[in-house]
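Colleague: Can you read through this structure? Questions will come right after.
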Amino acid sequence: MKAFFVFSGQGAQFAGMGKDLAENSGAAKKIFDSADQVLGYSLSDIIFNGPDEKLTQTVYCQPAIYTMSCAALEAFREKFDISPLACAGLSLGEYGALYAAGAFDFTTGLSLLAKRAELMDAACKATDGSMASVINGDPEVIKNVCAECGVDVANFNSPGQIVISGKKDLLAQAVDALKAAGIRKVIVLNVAGAFHSRLMASAGDALRPILDNTAFTLPSCPVYHNFTAAPAENIADLRANLASQVAGSVRWEECVRAMAALGADTMIEFGPGNVLTKLCSRTLPDIKTVNIGTFETISNFSEGE
């Protein structure tokens with residue numbers, strides 16, 4: 001098996017995720033316990049028991065998904081010794097990818113992500129932003145409409161799925177313009193703010209000095225960054241990519257294609273849900289996909305798949 005590892009992003013969370021991992025894997029339980037100790041409150045209780053309204057809040061959601069994804073990875077590593085050809089993560093998932101590749105330890109990543117979540121939450125509250133998913137639209141038409149309306153392309157997720165982001169009134173104008181251009185399916189999303197847009201610039205700027213004061217190690221395998229769709233060549237670039245990612249476009253489709261081009265035949269998604277495996281199926285249908293998000297999925301996993 002020649003696999004690349006990917007890590008879930010915001011929106012994949014659900015109350016109860018990872019509970020069976022903590023109950024059946026000592027390595028996973030250690031991750032959850034460590035998160036509670038670092039944060040000074042019981043994140044694991046919120047993850048396991050909700051309520052959903054609290055788990056969905058950015059300040060809890062981002063650390064929760066990172067923690068659960070790392071717990072799934074460590075439970076997997078207890079049973080299987082598979083080194084990835086490369087790693088990547090969708091938005092906050094990039095921190096899981098960097099952890100998997102040894103760029104920092106779990107607690108360093110968690111502390112960074114908790115601060116990132118606070119800064120992004122503050123930026124959401126200071127602005128009036130929203131996002132919309134554009135299905136089966138011409139990318140050039142979408143880019144042009146965004147430029148004309150003063151909004152941004154947040155995510156290039158897969159062929160036929162692009163997400164746009166910006167101020168609510170300007171986003172509404174962009175949605176109308178896209179429909180007028182013949183794009184039939186444009187769905188306004190129920191999100192807390194305009195993630196991966198210029199409205200998040202203050203959060204990215206505030207994160208830079210925190211990243212500069214955090215110790216990193218060059219990853220043991222290529223980690224494809226959302227902002228560049230390429231691995232960083234040095235620690236300075238790695239830090240810059242993480243800061244720029246907050247307000248920059250997520251070039252996910254490019255990341256997946258680049259990792260597969262290394263000779264991979266399988267993508268393993270760590271974390272809740274199966275968003276990234278679905279995106280991969282649309283992008284590269286010949287790549288096998290596996291979800292590792294429960295103890296059962298680990299028990300059923302076969303290296304010969």
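Colleague: Tell me, which residue of region 168-186 that is over 15 Å from residue 151 (Cβ atoms) and either part of a helix (DSSP H, G or I) or open to solvent by 60 Å² or more (accessible area, probe 1.4 Å) (or both) is modelled with the lowest pLDDT?
Modeller: Ranking the qualifying residues of region 168-186, first place goes to 184.
Colleague: Output the residues belonging to region 268-305 that are among the acidic types (Asp, Glu), part of a loop (DSSP other than H, G, I, E, B) and open to solvent by less than 10 Å² (accessible area, probe 1.4 Å).
Modeller: Across region 268-305, there are no qualifying residues.
Colleague: So how many residues does region 198-219 have that are in a loop (DSSP other than H, G, I, E, B) and either touching an Asp or Glu at 6+ places or on another chain (Cβ under 8 Å) or more than 19 Å from residue 90 (Cα to Cα) (or both)?
Modeller: 6
Colleague: Before we move on, is residue 130 of a type in the set (Ser, Thr, Tyr), closer than 20 Å to residue 4 by Cβ and open to solvent by less than 20 Å² (accessible area, probe 1.4 Å)?
Modeller: Here the answer is no, as residue 130 does not meet what is asked.
Colleague: Something else: Limited to region 187-230, what total is found for residues that are more than 30 Å from residue 54 (Cα to Cα), crowded, with 16+ Cβ neighbours inside 10 Å and free of Cβ contacts under 8 Å to residues at least 40 places away in the same chain?
Modeller: Total meeting the criteria: 3.
Colleague: Count, please, the residues in region 70-120 that happen to be in a loop (DSSP other than H, G, I, E, B), open to solvent by less than 10 Å² (accessible area, probe 1.4 Å) and in contact with a Ser or Thr (Cβ under 8 Å, 6 or more places away or on another chain).
Modeller: Count: 2.
The values are calculated or read from the model by the stated rules, or taken from the named source; none is laboratory data. All figures in this text were calculated on a predicted structure; none of them were measured in a lab. Note that each Cβ is placed from the backbone with ideal geometry, even for glycine, and that neighbours are counted across all protein chains shown. Ligands, DNA and RNA are stripped out before the accessible areas are found, and what is left, the full protein with its side chains, is counted by its heavy atoms. Shrake-Rupley method; radii C 1.70, N 1.55, O 1.52, S 1.80 Å.
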